[in-house]
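Derivation of every value follows stated rules applied to the coordinates shown; laboratory data play no part. Computed from a predicted model, the values in this text were never measured in an experiment.
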Amino acid sequence: MAELNPVEQLVVKALEEMGATKDSSIKTADDITKKCNRPKGLVTNTLVSLTQKGVIKRVAREKAAGYYLVKQ
């Protein structure tokens, strides 16, 4: 897995704790922001970075996109 900065590690840990490990249990950016207790902009940018690194997957939905961890 690519090296993760502290905020990326925090987001990955939050997704693990919320059980977002498969596409049937995705979490929104708002869910992750609340769990991490960090500014939404920071979390959103981190989600984009983690998606580019292949650590998480983004699922486009009608209202809000969802995210889940990819098995490494």
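Segment THR28..GLU16, full-extension length gain: 3.0 nm, with 0.36 nm per residue of separation and the alpha-carbon distance subtracted. The alpha carbon radius of gyration of the chain, expressed as a multiple of 2.2 N^0.38 Å, is 0.96.
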